[in-house]
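Asks: One structure coming up, written as structure tokens, with questions to follow.
Read-outs throughout are calculated quantities, based only on the coordinates presented, and are distinct from any laboratory measurement. Worth saying up front: this structure is predicted, and the values here are computed from it rather than measured. Neighbour counts are summed over all protein chains in view; Cβ atoms, including those assigned to glycine, are modelled from backbone coordinates with ideal geometry.
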Amino acid sequence: MFARQFRSPLVLILIFAATVSAFVGEGQEAAIIGAIVLASCVLSFTQEYGASRAIDALKQRISRKAIVLRDGVECSVAAEDIVPGDLIRLAAGNLIPADGIILDARDFNVSEAVLTGETFPVVKAPGRSAPEASVAQRSNAVFTGTSVRSGTATVLAAATGARTEFASIAAALERQIPETGFARGIRLFGYLMTEIMLAIVILVFFANLMLHRPLIESLLFSLALAVGLTPELLPAIISVTLARGARAMAANGVIVRRLDAIENLGSMDVLCTDKTGTLTEGVIHLDGWLDVDGNPSTDILLWARLNATLQTGLKNPLDEAIAGAPGEGASLAAFTKVDEIPYDFIRKRLSVVVRTKDAEDLLITKGAVLNVLETCGFVSTAKGLEPLDEKQRAAIDEKFRRWSADGYRVLGLAIRRFESRKTFSRKDEIDLAFVGFLLFLDPPKEGVKETLAELAHRGIAVKVISGDNRYVAAHLAQAVGLRADRIMTGEDLSKLTKSALFAGVQHTDLFVEIDPNQKERIVQALRSRGHVVGYLGDGINDAPALHEADIGISVDTAVDVAREAADIILLKQDLGVLVSGVDDGRKTFANTMKYISITTSANFGNMISMAVASLFLPFLPLLAKQILLNNFLSDVPSLAIASDNVDADQLLRPRHWDIRFVRRFMISFGLVSSLFDFATFAFLLFFAHVTEAAFQTAWFVESLLTELAIVLIVRTHRLSGRAVQARCLPGLHWVSGLSRS
């Protein structure tokens, strides 16, 4: 990191200038330039290093864990502490932490797109692969960086760290993170500075040669002018500002995984989110266990508990709600688990097989009502088993809609009895008997209506993307103050072309019954409309959308693959925490822009003044070492800007880079600064009649004072002197002390 400070183009220019000075015998000049270079690099390094240490400490709070079997005991260890020989337990949602061989698997599907580019998950199982088999053909192995889509497995770790397949081809296949708006702004700003630097160096150098000034002196003066124009502490200022922003956000429960995401968070104008846990309490209660006729049934509760407590795949709050529901029923100890068919996002159901005391196997299937009905050929009524005809389907659908419109999340339950056997598969999910419903209630979170109003007040539109049905989503939207009449279903979306979706997303607030693959399409369409999009998700199926969004936001309790895809982690699944994060992001952006505005305008004004003065004075208005020292001394107080206050109006709308504004401000404000410089020149030459050395010394002091004054003027848009005093910069006392010196 320290060496990187010396690779800056500006520093290289200064080193070149020092080398030229030493070569022509100006040892003192070379020593002064070298000292300024070293001081700037040390200052930049200390700030950047401190910022990086702070960010590393924050990342440790959200380090990824894995379940391993050591000495016959399951334990949770940091993913980077896994070693070859460890037995790793994997389940849906896990990121695979090592290359390994599958010892045992159950309906195990792995997404390997990061390595193979294959979009769909691949089935993995114990077995053998040919030694020459490619990564895509090794069906008995898993690889670091891929993720578990469904099922469970036990894997023997074979390779970790730099020895993994991912490490060997990461340079070629690593997914490129799109350039953020802030990074693009910095790049364009760099182009602007380069253009102006080249123009100044060429014009001033040749103008001084035409005035018969010494060659080396003219070259050093021109180079010093160019360097003096540029805010060389900008990387340090950005690092410090972002690090302090990250620490402030961490204190409010927001952990930043990628620093430049802070700027994007401040620029966000659309937030896409699921409803569970963000708009709702997230503590789901099982409120009803009803048979097909809508009557409470202890059998339904018993079967639901067997399904929820014996499954070993994807953990979810619905199963926790079932396990914790009150109610009497037969003891679960009377049943023995035989097998399970894990949940996946295509079937949207989960089956568990248990053996009864009569040595009969009972398959219990739970899931989305429509998906459970797909497997059913019968319905269980008070009269017994009946064929599932259209009339029965319509009655079930009517109950489903009515309860959903009341805000309940409804799951279906079906069973089938088999003769005893050892294994079952998805092929056995056929001709089941639909037996009843499970009704869950997740009420709106307290205060969420006010929080959504706060986001709207800050210019952020909230769009709900949910796999739940339209009735539940519409009921919730009405309860929390969102529009419930602008709805698009997953079925509608699947029929839209890219252009049609591009037009439709702008006027849609609720995306319901959405498949996992459609979430990414929605985010893409919103970004294509020019929005800066944040996506809040915590599930396996949220990872593609989190990658696609400008700001991927997840929670500390999310599955591994979602946390790794996110830029920002919320320690509490609360939109109120996110509001604070947005404010911190906008403060960070505003303070970064303050530094850029202050330094570019002040430096531009001084450089114009010196360039013009050098053409009319019989001597150089400032020595090269004075220009560099002036630039360094005026930059030091600017470090305090990283923790400066921000005007309230700058928090009320998304902040974006505007390179044209920077250019206009630099030129207009810089020229005003030059007017004061020219007035100083006139006083020194025509009234004070100073010598060359006195002129250079006097203007050095005046130039430094004007730059320090600009720090106080530009930091707020307010005109009231009282407001400026009340919102004084931290450390202003040492700024004033430097001014007096």
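Asks: Given Cβ point charges of +1 (Lys, Arg) and -1 (Asp, Glu) and nothing else, what value in debye, to the nearest 20, does the dipole of segment 65-173 about its Cα centre take?
Replies: With only Lys, Arg, Asp and Glu charged at Cβ, the dipole is about 160 debye.
Asks: Which of Ser111, Ala167, Val68 sits closest to the plus end of the dipole of segment 65-173, meaning its Cα is farthest towards the positive end, when Lys and Arg get +1 and Asp and Glu get -1 on the C-beta?
Replies: Selected residue: Ser111.
Asks: Give, in whole angstrom and from largest to smallest, the semi-axes √(5λ) of the equivalent ellipsoid of segment 587-665, with λ running over the eigenvalues of the Cα gyration tensor.
Replies: 32, 15, 7
Asks: So for Leu103, Leu684, fewest C-beta neighbours within 10 Å to most, what's the order?
Replies: Final ranking by Cβ density, sparse to dense: Leu103, Leu684.
Asks: Once you sort the root eigenvalues of the Cα gyration tensor of segment 286-439 as a ≥ b ≥ c, which label holds: rounded (a/c under 1.5), prolate (a/b larger than b/c) or oblate (the other case)?
Replies: Judged from the Cα gyration tensor, segment 286-439 comes out rounded (a/c under 1.5).
Asks: If you don't mind, there's one more thing I want to ask. Can you work out the Karplus-derived ³J(HN,Hα) for every residue in segment 133-144? Use 6.51 cos²θ - 1.76 cosθ + 1.60 with θ = phi - 60°, whole Hz, and x for glycine or proline.
Replies: 5, 6, 4, 5, 9, 8, 6, 9, 10, 10, 9, 3
Asks: Something else now. If you take the Cα Rg of segment 401-458 and divide it by 2.2 N^0.38 Å, with N the number of residues, what do you get?
Replies: 1.98
Asks: Return the tail of the calculated pair distribution for segment 65-173, meaning the percent of Cα-Cα pairs more than 18 Å apart.
Replies: Counting every Cα pair in segment 65-173, those more than 18 Å apart make up 43 percent.
Asks: Of Val292, Ile415, Val352, whose Cα points farthest to the positive end of the dipole of segment 286-439 (charges on the beta-carbon: +1 Lys, Arg; -1 Asp, Glu; origin at the Cα centre)?
Replies: Val352
Asks: Another question, if that's okay. With just the Cα atoms of segment 418-548, tell me how far they stretch along each of the three principal axes, in Å, largest first.
Replies: In descending order, the Cα extents are 62, 36, 25 Å.
Asks: How do Cys75, Cys41, Cys272 line up, fewest other C-beta atoms within 10 Å first?
Replies: Cys75, Cys41, Cys272
Asks: Only counting other Cβ atoms within 10 Å, I'd like Trp657, Trp303 sorted with the fewest neighbours first.
Replies: Listed from fewest to most nearby Cβ atoms, that is Trp657, Trp303.
Asks: Could I ask something else about it? Summing Lys, Arg as +1 and Asp, Glu as -1, what charge do residues with Cβ under 13 Å from the Cβ of Ala141 carry, Ala141 excluded?
Replies: Net charge around Ala141: 0.
Asks: Using the structure shown, list the pairs from Lys445/Lys572; Lys348/Lys427; Lys315/Lys357 with a Cα-Cα distance above 20 Å, or answer none.
Replies: Pairs exceeding 20 Å: Lys315/Lys357.
Asks: For segment 535-658, rounded, prolate or oblate, judged on the Cα gyration tensor with a ≥ b ≥ c (square roots of eigenvalues), a/c < 1.5 rounded, else prolate if a/b > b/c?
Replies: The shape class here is prolate.
Asks: With a/c under 1.5 counting as rounded, go ahead and sort segment 260-326 into rounded, prolate or oblate using the C-alpha gyration tensor (a ≥ b ≥ c being the square roots of the eigenvalues; past the cut-off, prolate if a/b is larger than b/c, else oblate).
Replies: Here segment 260-326 falls in the prolate category.
Asks: What are the ³J(HN,Hα) values, in whole Hz, obtained from phi via the Karplus relation 6.51 cos²θ - 1.76 cosθ + 1.60 with θ = phi - 60°, for each residue of segment 608-618 in sequence order, with x given for Gly and Pro?
Replies: 4, 4, 5, 5, 5, 4, 5, 7, 10, 8, x
Asks: Could you compute the net charge surrounding Gly367? Neighbours are other residues with a C-beta less than 9 Å from the C-beta of Gly367; K and R count +1, D and E count -1.
Replies: Its environment carries a net charge of +4.
Asks: Taking N as the number of residues in segment 656-700, what is its Cα Rg relative to 2.2 N^0.38 Å?
Replies: 1.64
Asks: Can you give the Kirkwood hydrodynamic radius of segment 525-605 from its Cα pairs, in Å with one decimal?
Replies: Value: 14.3 Å, from the Cα pair sum.
Asks: Right, here's the next one. To check you understand DSSP bridge types, tell me what percent of the beta bridges within segment 286-439 (both residues inside) are antiparallel, rounded to 5.
Replies: Looking only at bridges with both residues in segment 286-439, the antiparallel portion is about 90 percent.
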